[in-house]
Amino acid sequence: MTHLRWGVLGASNFARQEMAPAIHAAKGAELAALATSSPAKAEGFRAFAPGLRVHQDYAALLDDSEVDAVYIPLPNHLHVEWAIKALDAGKHVLCEKPLGLKAADFDPVIDARDRTGLLCAEGFMIAHHPQMQRARELLKDGSLGRLRHVSVAFSYFNDDPDNIRNQAQAGGGAMPDIGVYACGVARLLTGAEPVAISHAGIDWDNGVDTKALIDADFGDFTYSAMVSTRMAPRQEVVLHGDKGVLRLTCPFNAGVFDQAELHLETEVGTRTVERFANVNHYVLQVEAFGRSVLQGEDYPCALEFSQGTQRMIDMVYAAGKA
């Protein structure tokens, strides 16, 4: 096998705008099939992949012998079910985050992955961006000295009741949608796990969380975060050590929200700026997935890592109810 033939399980706007084009553009990947009952939605994909095979339902795509891997952009509450069905059908799986709505939801998927010997991963594209890799290097080489605090902000405005992100039955909410990044980025960059959530102030609207203010203890450093789906767009990560401060200006939607940059201050009046222009982390994610399947490379974001992020989100919810 020289490349992976991909199928997309559902014609979501995000799949059409971001992930399907990324699969189409990635080295070692072919966008081969789509499952949707809507001819109009299928045309949006055929605009850049005219040879795309379209199946009328998800099961038919999983039965397609010319599909090696599937990307799952379905509503959150359907992820576990269809990830397992895809693995059992012999397909590698890249599933949109969050894979599960509780940490325990990951266990049957991990079992299916291990039983089938196939690759299954949650879509955590920021792990593949060179901005993140460089930030980890700076932490590791001591540029910040001893890390004392990590702060994260991620927000956007969406109060549309018809949007699945605002529907409790579909697993909507700020924490499932973007809290994954706010919690995951701290774990990704530091390799540390939260010891305790000391505070979680959560706003709710019709059964979904719309804002969370979080304080946590990671043992060697403290953590604070703000995530919201009812505030103006903002995103930033700040790593504060005793010898320096590192700021990531666009950590989550690089190239869309803004240009990804690292700002390093190691003494008053001294700043180094590194910029990462024209980097598509969705393409990098697909290529890393392909190298793992085809060449045996370690995948940088295993399901166990993603389960750890969901475990932290579970802790936030528990603290918010206390």
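Considering the stretch 141-177, and only residues there that are aliphatic (A, V, I, L, M) and outside any helix (DSSP H, G or I), the residue that is surrounded by the fewest Cβ atoms within 10 Å (Cβ to Cβ) turns out to be Ala153. Within the stretch 77-108, the residues that satisfy the criterion of being under 15 Å from Val67 (Cβ atoms) and surrounded by fewer than 17 Cβ atoms within 10 Å (Cβ to Cβ) are Asp88, Gly90. Of everything listed in (1) of a type in the set (Phe, Trp, Tyr); (2) under 23 Å from Gly296 (Cβ atoms); (3) exposed (fewer than 15 other Cβ atoms within 10 Å of the Cβ), the single unmet condition for Tyr71 is (3).
Of all residues in the stretch 28-40, exactly one satisfies the criterion of being in contact with a Lys or Arg (Cβ under 9 Å, 6 or more places away or on another chain) and more than 11 Å from Gly7 (Cα to Cα), namely Gly28. Tallying residues that are out of contact with any strand residue (DSSP E or B) (no Cβ under 7 Å at 6 or more places or on another chain) and touching a residue at least 24 places away in the same chain (Cβ under 8 Å) within the stretch 41-58 yields 3. Restricted to helices (runs of 4 or more DSSP H) entirely inside the stretch 1-114, those with at least 2 residues that are more than 23 Å from the chain's Cα centre (by Cα) are 39-46, 58-62.
When the stretch 199-244 is limited to residues that are farther than 22 Å from Tyr317 by Cα and in a strand (DSSP E or B), the one that is farthest from the chain's Cα centre (by Cα) turns out to be Gly241. Being of a type in the set (Val, Ile, Thr) and over 26 Å from Ile178 (Cβ atoms) is true of Val67.
Per-residue answers, yes or no, for (1) among the aliphatic types (A, V, I, L, M); (2) surrounded by fewer than 19 Cβ atoms within 10 Å (Cβ to Cβ); (3) modelled with pLDDT under 95; (4) not assigned by TED's automatic domain parsing to the domain that holds Phe154:
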residue	(1), (2), (3), (4)
Arg234	no, yes, no, no
Asp242	no, yes, no, no
Thr266	no, yes, yes, no
Arg271	no, yes, yes, no
Pro300	no, yes, yes, yes
Gln307	no, no, no, yes
Met312	yes, no, no, yes
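Close contacts from the stretch 1-13, counting a first residue that is under 13 Å from His92 (Cα atoms) and in contact (Cβ under 8 Å) with a residue 24 or more places away in the chain and a second that is in a helix (DSSP H, G or I) and of a type in the set (Val, Ile, Thr), with Cβ to Cβ under 7 Å and a gap of 6+ residues or different chains, come to Leu4/Val293; Trp6/Ile23.
Could you list, in sequence order, the residues of the stretch 115-127 that are among the hydrophobic types (A, V, I, L, M, F, W, C) and in a helix (DSSP H, G or I)? Met125, Ile126, Ala127 - these are the residues of the stretch 115-127 that are among the hydrophobic types (A, V, I, L, M, F, W, C) and in a helix (DSSP H, G or I).
Screening Leu147 with (1) within 18 Å of the chain's Cα centre (by Cα); (2) within 23 Å of Ser224 (Cβ to Cβ) gives one miss only, at (1).
The values are calculated or read from the model by the stated rules, or taken from the named source; none is laboratory data. All values derive from a computational prediction rather than experimental measurement. All Cβ positions, even for glycine, are placed from backbone atoms using ideal geometry, and neighbour counts span all protein chains on display.
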